[in-house]
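Taking it in order: structure first as structure tokens, then the write-up.
No lab work stands behind these numbers, since they all come straight from the coordinates. Just so it is clear, the model here is predicted, and its values are computed rather than measured. Using ideal geometry, Cβ is built from the backbone for each residue, glycine included, and neighbour counts are taken over all protein chains shown.
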Amino acid sequence: MRGRGGGGGAAGRVGGCLGERGGQAALGFTASLPFDRRLFRQDIAGSQAHVRALGRAGVLAEEEVEALCHGLEQVRAEMDAGRFEFGPEDPDIHLAVERALERRVGPLALKLRTGRSRNDQVCLDLRLFLMEAADQVVARIERLERELLSRAEEGREWLMPGHTHLQPAQPVLFPHHLLAYFWMLERDRERFVQARARTGACPAGAAALAGTAYPLDLEALAKDLGFPRVMENSLDATSDRDFALDFLAACAVLMVHLSRLATDVVLWCSDEFGFADLEEGWAGGSSIMPQKRNPEPAELVRGKAGRVFGHLLGLLSTLKGLPLGYASDLQEDKEAVFGAFDTVRGCLEAMAGVVRALRFRPEAMEAAAGRGFSTATEAADYLVRLGVPFVEAHRLVGEAVRRCREEGRRLEDLTLEEWRRLDPRVGPGILRALSPRAAVEARACTGGTAPARVAEALKRAAAVLGSSDLRTAPQQPPTGRRPAPGRG
Ligand code: ARG
């Protein structure tokens, strides 16, 4: 069954009014096989379900159903093992499977096309692919969440500077910073679960655009493939790519988050910050500068965000002017989806590795937490407690900061005498209030960085990770028939 180029049968060609050689000249340009061969498992699963539906409808005899399903299974095994040789006569995976089947079962294969079209077939394949892809992304998001949580637990007492405008702002707890990413990822996870749920509508039976003329039980067909429901409208079913946009949009937002985390890693590992190092194997060297330890995996995650945004924007642009009904433009969906999926999967794995490979320097973080007048707000709040209006307190402390800057001192270096010149009611409590730890402890609001709040947040994050009740679990299809997406 291998190595034979050329047609040899009627399958594998579209033919029609174009005749035997129809479309050959443009084939190289219009072919989608180079990328959609990756959908062979989904395509074959869809064909087997279609054959069973034709059988239930009495269009195919029982032996025909049996022979076609068995033949398709053999084609799957052959393609799985990389033994099937695709030829120049295969414009896409759908016709390639048909041709492969004809070699297995002979002219019976020509009945496979009954009552459907590549237009519904390709949507079905891509929806199956994306449901499984969403599950894979969710599993990798969870892995990164786990890494973040375990690093946050490890440094639950550590202080670090919080920044606004990348200027020292106020001290925060180290786990508070890491948990900020945890909750971003948690929303990303939800987005993929939701995208998956919307993808779970089966387009089979829509055929070319108007619906199939054969009495197929589409609910049963959908169930057979693990789809929770059937598309409402055949025209929509064949020309909608919202489900791909949902996936790409979820990928794009996820990449924004990964990219920001990557920037933090790059900053932390800089000599100027000095908050962390990357373990051997996770930093790259320089071919000329012997001292270099560059955070390359993090930089690349940041760099790859752009291509994922590009895939989303590309498909949005492809779709926006299309008339209703299938158009070949829609074939552009697959490379966007595959490109984004591969990139996101790779980036999630890389980031989990990077987070695990960080060797933090808590002393450096703690020292930095108190620099840059980061507790000036505490001094103002102290004055407010004495009855000074906040704006006035802000002005007084601002003056003190200016003087300290000029004299090269810190706020903690000011004597009680000097504070009392700002307001005679100031007591020794001000010196305690100026410590970064006191500053953190004071921020005990919901979602704040006080140790008690952060301890609760760590518990909630662990509970969310550990329990499927607290999160919407991805909906698994009832049967185990759903094929895995992989490289074709
Ligand atoms: N290769 C096509 C795609 O990826 C499959 C559908 C082709 N349909 C058609 N009538 N040309 O979208």
Completion exercise
Taking region 47-86 and keeping only residues that are within 16 Å of the ligand (Cβ to nearest atom) and over 21 Å from residue 204 (Cα atoms), one is left with 86
Completion exercise
Heads up, the helices (runs of 4 or more DSSP H) in region 197-277 (entirely inside) with at least 1 residues that are closer than 30 Å to residue 161 by Cβ are 242-268
Problem - Pairs with Cβ under 7 Å, 6+ apart, first in region 79-104 and farther than 20 Å from residue 29 by Cα, second away from the ligand (no atom under 15 Å from the Cβ) and among the aromatic types (Phe, Trp, Tyr) - result: 100/84
Practice task
Please work out which residue is surrounded by the most Cβ atoms within 10 Å (Cβ to Cβ), limiting yourself to region 227-257 and to residues that are out of contact with any strand residue (DSSP E or B) (no Cβ under 6 Å at 6 or more places or on another chain) and β-branched (Val, Ile, Thr).
Solution key: 238
Problem - Given (1) surrounded by 15 or more Cβ atoms within 10 Å (Cβ to Cβ); (2) more than 16 Å from the ligand (Cβ to nearest atom), index of the condition residue 285 fails - result: (1)
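What about residue 316, is it touching a residue at least 24 places away in the same chain (Cβ under 8 Å), surrounded by fewer than 19 Cβ atoms within 10 Å (Cβ to Cβ), in contact with an Asp or Glu (Cβ under 8 Å, 6 or more places away or on another chain) and farther than 16 Å from residue 141 by Cβ? Before the answer, list the steps.
Details: touching a residue at least 24 places away in the same chain (Cβ under 8 Å): yes; surrounded by fewer than 19 Cβ atoms within 10 Å (Cβ to Cβ): yes; in contact with an Asp or Glu (Cβ under 8 Å, 6 or more places away or on another chain): no; farther than 16 Å from residue 141 by Cβ: yes.
Spelling it out, it is not the case that residue 316 is touching a residue at least 24 places away in the same chain (Cβ under 8 Å), surrounded by fewer than 19 Cβ atoms within 10 Å (Cβ to Cβ), in contact with an Asp or Glu (Cβ under 8 Å, 6 or more places away or on another chain) and farther than 16 Å from residue 141 by Cβ.
Applying the selection to region 89-118, what residues are hydrophobic (A, V, I, L, M, F, W, C), more than 16 Å from the ligand (Cβ to nearest atom) and more than 35 Å from the chain's Cα centre (by Cα)? Explain how you work it out, then say what you get.
Narrowing region 89-118 to residues hydrophobic (A, V, I, L, M, F, W, C): 93, 95-97, 100-101, 105, 108-110, 112.
In the following step, the residues that additionally are more than 16 Å from the ligand (Cβ to nearest atom) were identified as 100-101, 105, 108-110.
Across region 89-118, the qualifying residues are 101, 105, 108, 109, 110.
Can you tell which of 250, 244, 276 is touching a residue at least 60 places away in the same chain (Cβ under 8 Å), within 16 Å of the ligand (Cβ to nearest atom) and not aromatic (Phe, Trp, Tyr)? It would help to see each step written out before you state the result.
On the way: 250 fails: within 16 Å of the ligand (Cβ to nearest atom); 276 fails: within 16 Å of the ligand (Cβ to nearest atom).
Of the residues listed, the single one that is touching a residue at least 60 places away in the same chain (Cβ under 8 Å), within 16 Å of the ligand (Cβ to nearest atom) and not aromatic (Phe, Trp, Tyr) is 244.
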Problem - Out of 338, 309, sole residue that is under 24 Å from residue 189 (Cβ atoms), of a type in the set (Phe, Trp, Tyr) and within 16 Å of the ligand (Cβ to nearest atom) - result: 338
